[in-house]
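The values are calculated or read from the model by the stated rules, or taken from the named source; none is laboratory data. None of the values given here were measured: they were computed from a predicted structure. Here the Cβ positions follow ideal geometry from the backbone for every residue, glycine too, while neighbour counts run over all protein chains shown. Note: accessible area is taken over every heavy atom of the protein model, side chains too, but ligands, DNA and RNA are not part of it. Shrake-Rupley method; radii C 1.70, N 1.55, O 1.52, S 1.80 Å.
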Amino acid sequence: METGKTEKAASILSYGLLVMTLTHALTHVFQRMPSALFPILMRPEEFNLTLQQIGIIAAIPPLCSALLSIPMGLLSDRYGARKMVFASMAVSALGALIASQASSPMMFIIAISLLSINTTIYHPAAYSFTTKLVNPSDRPKTLGIHGAGGTFGMAIGPISLSILMGLMAFRWQQIYLFWLIPVILGAIAVFGIKTEPTEDAQMTPATQTASEEKQNIRSMLTTSLLLFLVFVGIRTIGRSMVESFLPIYMVNNKGISADLTNIIYGSNTLMGLVAAPLGGVIASRFGEKRWLIGVLVLSYICLGLAFVIPNTIAFTALYLISGFFNFLGMAANSSIVAKLSPTSQRGLGYALFFLPGSLMGAVAPVIAAFIGEVFGISSIFYASIIVYVAGLFVLQFGVKIKTP
């Protein structure tokens with residue numbers, strides 16, 4: 001028994017991690033496509049949407065995710081990663097199929113809501129699985145690799161819109177159908193996972209029991225975990241404000257074409273393909289919280305400068321650099337959750353981790369749309385920087401993390 005755990009801990013790369021990284025990409029490939037499509041859906045020949053209508057549409061999917069977040073975390077702890085990841089792929093396939101036939105805003109809302117629920121089913125199971133594959137000291141590295149898959153998916157979605165619509169004359173509905181086959185293949189790959197880790201690598205039963213009992217006495221919702229969730233919620237407000245309306249800003253205010261906008265928008269996330277694993281390696285040596293704060297400060301400075309400097313090339317460069325710094329902190333952010341939640345309830349811990357994002361993701365686009373209508377769309381991004389800074393104060397002064 002102990003030998004198996006040692007072997008599991010010795011190798012970071014495994015079939016299980018590779019499958020989780022692949023499915024993470026497929027889970028997120030649809031995440032940023034609606035925002036990338038909004039400038040197109042505002043056209044009279046499409047859905048002729050207003051800024052306020054876009055805010056409402058952007059709010060509905062995260063609201064659906066928020067309602068299901070905790071139940072999915074509980075189901076993850078009960079049924080394990082393989083069944084839940086397969087279920088997420090099935091829901092994703094259904095959402096993509098409906099989107100491929102969407103001829104009205106209502107059908108589009110149903111489709112993107114299912115695609116959002118897909119991530120809610122996926123995340124607690126996949127993150128819990130990934131954190132238990134290796135020693136706690138190697139956890140940021142593993143989460144960095146897993147996170148790179150998610151960022152690649154978020155990037156390739158908008159980029160595929162530009163390539164398939166711009167070069168191959170696809171309609172936007174057909175692109176959802178294009179991604180259906182990879183999702184099905186991802187679901188098949190899940191069945192190759194034969195065993196699942198049930199506890200942290202190299203943790204003896206005695207240590208595990210003592211740790212779990214201590215966590216149960218203190219209860220899972222410690223002050224640090226609650227304040228970390230507050231930080232996540234605040235950060236999501238800023239991110240949702242930016243992501244929901246940035247493509248519209250780039251097309252209408254910067255004069256960038258819709259196709260080039262989607263490439264730039266996707267390339268920001270593509271930075272995570274390198275930054276997420278690199279940040280995981282550095283965070284494992286430097287300390288998760290300290291590293292996360294440092295890179296987020298640099299990310300927010302670059303993002304703020306992007307909107308202050310009028311030059312379009314400078315805007316694009318600073319926007320991409322801000323994405324690189326942002327994703328340098330991705331593994332550290334995920335690793336903090338594992339440190340603050342007990343092993344046997346880690347699926348629930350990650351469900352709680354994503355819950356503030358879903359809740360605030362439902363509120364932020366509506367608030368941002370109101371700000372944009374009243375003060376102009378540029379004011380949305382200045383407000384988001386203020387929100388981001390507020391979140392950093394909560395993380396710095398409210399979240400206490402014990403070092404091993």
Query raised in the report: Being at pLDDT 85 or above, out of contact with any His (no Cβ under 7 Å at 6 or more places or on another chain), open to solvent by less than 70 Å² (accessible area, probe 1.4 Å) and not polar (S, T, N, Q), is that true of even one residue in the range 203-226?
Result: yes
Query raised in the report: Within the range 20-52, restricting attention to residues that are β-branched (Val, Ile, Thr) and outside any loop (DSSP other than H, G, I, E, B), which residue is surrounded by the fewest Cβ atoms within 10 Å (Cβ to Cβ)?
Result: Ile40
**Report entry** Close pairs (7 angstrom Cβ cut-off, 6 or more residues apart or separate chains): closer than 17 Å to Ile237 by Cα and in contact (Cβ under 8 Å) with a residue 24 or more places away in the chain in the range 285-307, open to solvent by less than 40 Å² (accessible area, probe 1.4 Å) and β-branched (Val, Ile, Thr) anywhere
**Finding:** Tyr300/Ile385; Leu303/Ile385; Gly304/Ile385
Query raised in the report: of a type in the set (Val, Ile, Thr), crowded, with 19+ Cβ neighbours inside 10 Å and either in a helix (DSSP H, G or I) or touching a residue at least 24 places away in the same chain (Cβ under 8 Å) (or both), is that true of Ile145?
Result: yes
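Here are some residues: Ile109, Ile70. Which one is modelled with pLDDT under 90 and over 13 Å from Ala187 (Cα atoms)?
The unique qualifying residue is Ile70.
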**Report entry** Hits in the range 239-286 - residues which are of a type in the set (Gly, Ala, Ser), modelled with pLDDT of 85 or more and over 15 Å from the mean Cα position of the chain (by Cα)
**Finding:** Gly255, Ser257, Ser267, Gly279, Gly280, Ala283
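Of the residues that make up the range 72-92, is at least one of a type in the set (Val, Ile, Thr), in contact (Cβ under 8 Å) with a residue 40 or more places away in the chain, out of contact with any Leu (no Cβ under 9 Å at 6 or more places or on another chain) and open to solvent by less than 20 Å² (accessible area, probe 1.4 Å)?
Yes; the residues of the range 72-92 include at least one that is of a type in the set (Val, Ile, Thr), in contact (Cβ under 8 Å) with a residue 40 or more places away in the chain, out of contact with any Leu (no Cβ under 9 Å at 6 or more places or on another chain) and open to solvent by less than 20 Å² (accessible area, probe 1.4 Å).
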Report summary line: Subset of the range 334-348, residues part of a helix (DSSP H, G or I), open to solvent by less than 20 Å² (accessible area, probe 1.4 Å) and not hydrophobic (A, V, I, L, M, F, W, C), comes to Ser334, Ser335, Thr343, Arg346, Gly347
Report summary line: Over the range 110-141, the set of residues assigned to a helix (DSSP H, G or I) and among the polar types (S, T, N, Q) is Ser113, Ser116, Asn118, Thr119, Thr120, Ser128, Thr130, Thr131, Ser137
Query raised in the report: Which residues, counting only those in the range 308-322, are open to solvent by 40 Å² or more (accessible area, probe 1.4 Å), assigned to a helix (DSSP H, G or I) and either basic (Lys, Arg) or without any contact (Cβ under 8 Å) to a residue 12 or more places away in the chain (or both)?
Result: Val308, Ile313, Ala317
